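Asker: Here's a structure for you.
The values are calculated or read from the model by the stated rules, or taken from the named source; none is laboratory data. Just so it is clear, the structure is predicted and the values come from calculations on it, not from any experiment. Because the Cβ atoms are built from the backbone with ideal geometry, glycine has one as well, and the counts that use them run over all protein chains shown. Remember, those area values only see protein heavy atoms, side chains included, never the ligands or the DNA or RNA. Shrake-Rupley method; radii C 1.70, N 1.55, O 1.52, S 1.80 Å.
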Amino acid sequence: MDKLVVFSFLAGDLNQGFPVVTAQIWDGSKPYPIKLTSSLPPVPELAELYRRWRLLYEALHQRLGWRSRMEIHTQDITNISVSEFGEVCQKLQASINNWLNSDLFQNLVQQLRTRLNKDDAIRVIFETNIPLLQRLPWHLWNFFDDYRFAEVALSPHEYESPQTQPQVSTGKVKILAILGNSNGINIDQDRNLLQGLKDAETKFLVEPTRREVDQYLWNHNWDILFFAGHSSSQADGETGKIYINQTESLAIPQLKNALQHAISHGLKIAIFNSCDGIGLARNLADLNIPQVIFMREPVPDLVAQEFLKNFLVAFAGGKLFYSAVREARERLQGWENEFPCASWLPVICQNPTTTPATWQQLCGISHHTHPKFYHNLQGFITILCLTSIVTVLTLGLRYLGIWQIQELQAFDYLLKLRPQEEQDLRLLVVEINEKDIQSFVEPTRGLKSISDSYLAKLLNKIQNYQPRIIGIDIYRDILDSSNKFKQFDLKTQLNQENVVVICKGKDSQYDPQGIKPPPGIPVERQGFTDAVRDPDGIVRRQILMMKQEPSSVCATPFSLSLQLAARYLFLEGIEHEFTEDAVIFKAHQKVTKLSRLKAGNSGAYQQNLSLGGIQTLINYRNANFEKVSIEDVFQGRVKPDAIKDKVILIGVTAQSLRDTFPTPYSVSQQPYQETPGVLIQAHMTSQIISAVLDKRPIFWVLPYWGEILWIWGWTLVSSLVVWQMRSHLVKIGSIGIIIIVLYGACTVMLLIPGAWLPLLPSTFAVILTNAIIIFLREKI
């Protein structure tokens, strides 16, 4: 709802000042206004400046030969220039602002500003019976520069609420248009503009008689009374008259009874698109008509046409009455090279007891539907269309991979927000560090991290502690025939039923040949270690299963992590099965499903990514795994309980062998540090076991239709919120809060149930949609 501010100028004048000036503020939320009181000092020069301005305006009018809607009498001033007139205009504007910004009045103005927002729709009414005050161009007060949705109006001191009878709606705005004496002017353009209105029924009376005007006011109900033609007011502005034909003129008192009848039967607006209409407005105000639009001075014909066109477009287009008048008035500034002060001419005269009707209300919507509902419905339809378009645009950009890297990085950031987790004690990593390589390598057949002899001895030592499963993350495609320890044979150790070895499939980028498993090991105890990297090089996914090429030296379809986890869980009584799209573990009545990522429908993974086989996101455990070195095992520093019944992973952590990969945690480590492959295998194995036994979240994404609803839902909700706001700061603050809530929702959903939701696309859609909303609200 708009706000109403009424300034009342009581006893006083410009020469003596105004000892009492009141301002009453209605904000629509309270039944009674807030009342402020102040005073204004004398400003005799203002009266003289206005008289000088008006004299020069009429003289300039005559000198430039404007076709106006009033006859201009010959003036005594003949040597008048546009530049001289411009100087008087500037002085008049400065005088008005100096007066209204005086120290006496500033306290009231400051209190007023604290109760108004910059984006409020404000009706500012100057209530006075003093003719000179009614003629002043109040819109020049710089107060209106700060409040873009405020407009000025005039009112007499005495007014009553008009008594109106309920009317039956026709769904059209009913306009009575009187086209009077058009000698020397063109009012056909006015007629064309009115005829072009949608949702309007216009009756044109062309140069009618007094009796015709009177009869149409009595016999029909009207929403708007329009007059175009010649008109004038007496010098003191007490009365005005319109020239309805070539021989007759009418003053408002001559139509008093008919006009009172028309007002009581729904007449709400009178528009006098003619010259010097202040007397007409004052006479109509005495009849308590809700609103009048008039021209304060003689108006050039082209200016009158331009104002009417812009006002009707804005008002019929849904803008509030005052906003439409201000927009139409301000648009006249572009004509001021030809017609100086054109934007000073249109004025509203308002009955303060009434609220201006909207075009929709005049159409009769208020008889059936509350106007606020109509406005909200119109806004909701606009928002529905806008959010749908932005959502489609966002999905299109996402499909093209615009945010792929940024979304993956955002995913990493959210992962690192998780609290520290408990260590998974079901796994033990036996690491081969730099010291172990130096101590236990036998480079007779090339660098193998440690020799076959020491690896065989290590396996024998570990087997003595009864591990549940051992995974060797070391390539041994060719065994060393030499054996330092005759009692420990590597081939014998590798053929234990609880040992899983590794191989590597063909990779066109990193290893086009692949790496064979150790000879003699059945495929059932082999697991591939193929790593899959995202476009930024980071390992975020693991391959659980994939079909190997017929020529591949690595024949197993299962990854090392899946082999280790499945064997561990099998001994827990948990079976598994495979489908084309998932690996499924069944424990009693509980089912854990590891579903594959699908290209174009898996979170940020949209374009140019290999998502072959069954791939899942890695839910890295935010905890370190228990690690021991080979030397610790050989020296007996490892307790049997640390190995018994656990998954043992043997692999290289020494940086010199470069078996390391960047993970989501690498960037945050100072200095930058990549993660050894054996630890990534531990994360992947732990993820599967923890998901089945502990119900630790498995990362998942919404189906495609779910992501559409998610993005569209956030844009819709945020737009509905921002649409209702009027202050720019509140709008921007609301958008910020919505984005914070969106960020929080995505974070919580990722960390608790493991849902990877489209954060960046949703944020983009929210910002773009609401930027457009703010722009539209500025224009509407």
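Asker: Kindly indicate the residue of region 560-606 that is over 27 Å from residue 407 (Cα atoms) and in contact with a Gly (Cβ under 6 Å, 6 or more places away or on another chain) and also most open to solvent (accessible area, probe 1.4 Å) among those meeting that condition.
Answerer: It comes out as 563.
Asker: Would you confirm, using the coordinates I've provided, whether residue 390 is at pLDDT 90 or above, of a type outside the set (Asp, Glu), under 30 Å from residue 641 (Cα atoms) and surrounded by 14 or more Cβ atoms within 10 Å (Cβ to Cβ)?
Answerer: Considered against the rule, which asks whether it is at pLDDT 90 or above, of a type outside the set (Asp, Glu), under 30 Å from residue 641 (Cα atoms) and surrounded by 14 or more Cβ atoms within 10 Å (Cβ to Cβ), residue 390 comes out as no.
Asker: A follow-up question, please. Out of all the residues in region 700-713, which are in contact (Cβ under 8 Å) with a residue 12 or more places away in the chain and open to solvent by 20 Å² or more (accessible area, probe 1.4 Å)?
Answerer: Answer for region 700-713, where residues must be in contact (Cβ under 8 Å) with a residue 12 or more places away in the chain and open to solvent by 20 Å² or more (accessible area, probe 1.4 Å): 700, 701, 702, 703, 704, 708, 710, 712.
Asker: Pull up region 116-135, narrow it to residues that are hydrophobic (A, V, I, L, M, F, W, C) and closer than 26 Å to residue 319 by Cα, then point me to the one that is surrounded by the most Cβ atoms within 10 Å (Cβ to Cβ).
Answerer: 124
Asker: Just to be sure, is residue 663 part of a loop (DSSP other than H, G, I, E, B), of a type outside the set (A, V, I, L, M, F, W, C), in contact (Cβ under 8 Å) with a residue 60 or more places away in the chain and within 13 Å of residue 542 (Cβ to Cβ)?
Answerer: yes
Asker: Considering only region 234-259, state which residues are out of contact with any Pro (no Cβ under 9 Å at 6 or more places or on another chain), surrounded by 16 or more Cβ atoms within 10 Å (Cβ to Cβ) and within 23 Å of residue 354 (Cβ to Cβ).
Answerer: Selection gives 240, 252, 255, 258, 259.
Asker: Tell me which residues, restricted to region 405-438, are open to solvent by 20 Å² or more (accessible area, probe 1.4 Å), within 30 Å of residue 762 (Cα to Cα) and not hydrophobic (A, V, I, L, M, F, W, C).
Answerer: 406, 409, 413, 416, 418, 419, 420, 421
Asker: When you scan region 39-49, do you find a residue that is part of a strand (DSSP E or B) and at pLDDT 75 or above, even just one?
Answerer: yes
Asker: Filter region 4-32 down to the residues that are within 45 Å of the chain's Cα centre (by Cα) and either open to solvent by less than 30 Å² (accessible area, probe 1.4 Å) or within 18 Å of residue 107 (Cβ to Cβ) (or both) and list them by number.
Answerer: Scanning region 4-32 gives 4, 5, 6, 7, 8, 9, 21, 22, 23, 24, 25.
Asker: Regarding residue 217, is this residue part of a strand (DSSP E or B) and out of contact with any Cys (no Cβ under 7 Å at 6 or more places or on another chain)?
Answerer: no
Asker: Select from region 291-309 the residues that are closer than 17 Å to residue 356 by Cβ and under 38 Å from the mean Cα position of the chain (by Cα) and write down the one among them that is surrounded by the most Cβ atoms within 10 Å (Cβ to Cβ).
Answerer: 293
Asker: Looking at region 80-115, which of the residues that are of a type in the set (D, E, K, R) and in contact (Cβ under 8 Å) with a residue 40 or more places away in the chain is most open to solvent (accessible area, probe 1.4 Å)?
Answerer: Across region 80-115, the extreme among qualifying residues is 91.
Asker: For region 263-286, which residues satisfy the criterion of being surrounded by fewer than 23 Cβ atoms within 10 Å (Cβ to Cβ), part of a helix (DSSP H, G or I) and of a type in the set (A, V, I, L, M, F, W, C)?
Answerer: Answer for region 263-286, where residues must be surrounded by fewer than 23 Cβ atoms within 10 Å (Cβ to Cβ), part of a helix (DSSP H, G or I) and of a type in the set (A, V, I, L, M, F, W, C): just 285.
Asker: Could you grab me the full set of residues in region 167-188 that are surrounded by fewer than 17 Cβ atoms within 10 Å (Cβ to Cβ) and either under 24 Å from residue 265 (Cα atoms) or in contact (Cβ under 8 Å) with a residue 12 or more places away in the chain (or both)?
Answerer: 167, 168, 169, 170, 171, 172, 183, 184, 186, listed by residue number.
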